[in-house]
1. Within segment 260-273, is there a residue that is under 19 Å from the mean Cα position of the chain (by Cα), within 23 Å of residue 142 (Cα to Cα) and either surrounded by fewer than 21 Cβ atoms within 10 Å (Cβ to Cβ) or touching a residue at least 60 places away in the same chain (Cβ under 8 Å) (or both)?
2. Quick one: how many residues across segment 348-379 are assigned to a loop (DSSP other than H, G, I, E, B) and either closer than 22 Å to residue 239 by Cβ or in contact with a strand residue (DSSP E or B) (Cβ under 8 Å, 6 or more places away or on another chain) (or both)?
3. When you scan segment 242-249, do you find a residue that is outside the structural domain of residue 193 (by TED's automatic domain parsing), over 16 Å from residue 298 (Cβ atoms), touching a residue at least 12 places away in the same chain (Cβ under 8 Å) and not in a helix (DSSP H, G or I), even just one?
4. Filter segment 308-341 for residues that are in a helix (DSSP H, G or I) and under 28 Å from residue 180 (Cβ atoms) and give the result.
5. Quick test of your reading of the structure: residue 216 fulfils all but one of (1) in the same structural domain as residue 157 (by TED's automatic domain parsing); (2) crowded, with 24+ Cβ neighbours inside 10 Å. Name the failing condition by number.
6. Provide a single number: the residues in segment 181-195 that are without any contact (Cβ under 8 Å) to a residue 40 or more places away in the chain and surrounded by fewer than 17 Cβ atoms within 10 Å (Cβ to Cβ).
7. When you look at residue 202, is it touching a residue at least 40 places away in the same chain (Cβ under 8 Å), closer than 22 Å to residue 124 by Cα and within 18 Å of the chain's Cα centre (by Cα), yes or no?
């Protein structure tokens, strides 16, 4: 376990795969149980870097890492041979001020959007999905309905509600970007319409970069509609790569194959631009390291940012007992991928908004910065290269 403290990326990768045990109630500040997004996680700031770490999962309860109050303040410590080994200083985000408000129609602001990381506002516009209630079609890792059943959110957020909350979050808490995802409706636009309607209303009252997230719409004309409405970057999440595994883990979404997504990505990049389209890839569900790196290379060539994150099981889902990947598995992917993204000039910093820009659910951006330091350059240099046009990439990552 000594390797866990050799670099910030390694420690955070350990935390995001093993979880963090919080031993006191006062340590549980802005945590998220169930629902969409990084559920059962809490935002933790480690030596100035804010990340999302699992705390309500089985792995977290068994984690060798916990938080203790030592003489020099709160620290993450590693329990080893009945001893506590201090690792890094840690702090927790306090509840944002905008949570105390409510909309003009009486809905608590916290039911409309939540704070992810330290300055990212996130919302699930439609808290229902055409596949969630179907055992045959539902994604086995999804918990989108949990927060709705628990009464912590509402089924559909209106554009007016989202605009009101976004304005308050920017003014009261200094939020710098907004992420909007959605359950998939039973319409051919697959959520693109609610993305566009919501962004149009938000941009009318506050100037904030927005990422919209939805499945690939049947009509590619929706990409331009979303961009014109104020969506700055787009997320279309493939999550699982191998077709057999897709059919097992996300049988409904598997109707769209990897090649279907590749075509959709090309269409979206033509509208939003290189580096402004991203996708989630969940590592640890069965796709090999080689396949993840191979597909990531294809995505980089297209101009899509492959945001690889460790799979974290959520209680109450069919995969709640599925193990998270090992830190070694994640590092073998993220280290070479971070280097390739830096070389391609398409780092987390170059995105206008979104999960990849936030970066709190993965250490990928940390490996990008490490690659920049190794090259004797800063990530700003990668932005300069990106603005001169895409690089021609060949070969696979190794």
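The values are calculated or read from the model by the stated rules, or taken from the named source; none is laboratory data. Small disclaimer: the values here were computed from a predicted structure and weren't measured. All Cβ positions, even for glycine, are placed from backbone atoms using ideal geometry, and neighbour counts span all protein chains on display.
1. no
2. The total comes to 9.
3. Within segment 242-249 (the criterion being outside the structural domain of residue 193 (by TED's automatic domain parsing), over 16 Å from residue 298 (Cβ atoms), touching a residue at least 12 places away in the same chain (Cβ under 8 Å) and not in a helix (DSSP H, G or I)), the answer is no, since none of the residues qualifies.
4. 330, 333, 334, 337, 338, 341
5. (2) is the only condition that residue 216 fails.
6. Result for segment 181-195: 2.
7. Spelling it out, it is not the case that residue 202 is touching a residue at least 40 places away in the same chain (Cβ under 8 Å), closer than 22 Å to residue 124 by Cα and within 18 Å of the chain's Cα centre (by Cα).
Conditions tested, residue by residue: (1) modelled with pLDDT of 95 or more; (2) farther than 24 Å from residue 252 by Cβ; (3) assigned to a strand (DSSP E or B).
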| position | (1), (2), (3) |
| --- | --- |
| 198 | yes, no, no |
| 203 | yes, yes, no |
| 207 | yes, yes, no |
| 212 | yes, no, yes |
| 217 | yes, no, no |
| 223 | yes, no, no |
| 226 | yes, no, no |
| 234 | yes, no, yes |
| 237 | yes, no, no |
